[in-house]
Amino acid sequence: MKDTAKHQGLRNQLVTVLEQKGITDKAVLDAVKKVPRHLFLNSSFEDYAYQDKAFPIGAGQTISQPYTVAYQSQLLEVKKDHKVLEIGTGSGYQTAILFAMGAKVYSVERQSELFKSTSILLPKLGIRPKHLSFGDGYKGLPNYAPFDSIIVTAGAPMIPKPLMAQLKVGGRLVIPVGEEGKPQIMNLLIRKNETQFEKHELGEFRFVPLLENKN
């Protein structure tokens, strides 16, 4: 698993593209520069790894477009040592970005094939989330709550109540919401107190559906 000067050059170009699209968070941009996205893709896609596109990763899932990863990460306003819950580990690329930003990452994956492969890959790359879990993302990880922020990397028909409950006061939940087969609206929820949330709707994106009911 090599990461060469050529790959670094391609990441620098990708960061320029993300800046042109409005990503301003230095911690996000530095993480994109640092994390070797090509190692999270099937080797047949390596030549395309630093294009701003999503690609299939198996089990009917995708690695998100770099802009989407950067946009969601920027919305979280991650600070060093923040506890971040990620719903949908997928390839592990978003996990790696959050880790590179200094977050303590707790991640849940619904697809056993991806959970197994990512659990092996991340330590090989020196990326050590606090906890990786195979389970139902709709339920979150109540035993590890509360979280400074929560990121959902798949489209949900609604915002799951358990995730809202696991957010700290002042915390931020970023989730794409909408019907399967249609674009989703990126939602940002900020917890104001025990019962109130401030909600922002922030444009259309396309995600694979968030699955539930893993026994």
Gyration tensor (Cα) of region 113-205, equivalent ellipsoid semi-axes in angstrom: 24, 18, 12
Rounded Å value of the spacing that divides the Cα centres of region 32-53 and region 148-163: 26
Reduced Cα scattering model of region 86-166, Debye log10 I(q)/I(0), q = 0.18, 0.20 Å⁻¹: -0.69, -0.85
Beta bridges per DSSP with both ends in the chain, % antiparallel, nearest 5: 45
Residues whose placed amide H lies under 5 Å from that of Val177, excluding near-sequence neighbours: Ala156, Ile185, Met186, Asn187
Amide H within-cut-off set for Glu86, under 5 Å, with H built and near neighbours excluded: Tyr106, Ser107, Val108, Ile151
Alpha-carbon Rg/Rh ratio, for region 5-205, with Rh computed the Kirkwood way: 0.94
Protection proxy ranking of 62-72, 91-101, 113-123, 13-23 - average other beta-carbon atoms within 10 Å, highest first: 91-101, 62-72, 113-123, 13-23
Computed over the chain: relative contact order in percent, which uses C-alpha pairs under 8 Å that are six or more apart: 15
Over 22 Å (Cα to Cα) - which of Lys33/Lys104; Lys130/Lys168; Lys6/Lys34; Lys80/Lys168; Lys34/Lys104 fall in this group: none
Ordering of 150-157, 129-136 by packing [mean C-beta count within 10 Å, highest first]: 150-157, 129-136
For region 191-196, Karplus couplings with θ = phi - 60° (6.51, -1.76, 1.60), whole Hz, Gly/Pro x: 7, 8, 7, 4, 10, 10
Amide hydrogen neighbours beyond the local backbone of Leu167, cut-off 5 Å, H modeled: Phe147
DSSP-defined beta bridges in region 34-148 - what % are antiparallel, rounded to 5: 25
Using θ = phi - 60° and Karplus 6.51 cos²θ - 1.76 cosθ + 1.60, couplings along region 95-106 (whole Hz; Gly, Pro as x): 4, 5, 5, 4, 4, 5, 7, x, 7, 8, 9, 10
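A short reminder: the numbers here are calculations on the coordinates, not readings from a lab. Model, not experiment: these values are computed from the prediction. Cβ: placed from backbone, ideal geometry, glycine included. Neighbour counts: every protein chain shown.
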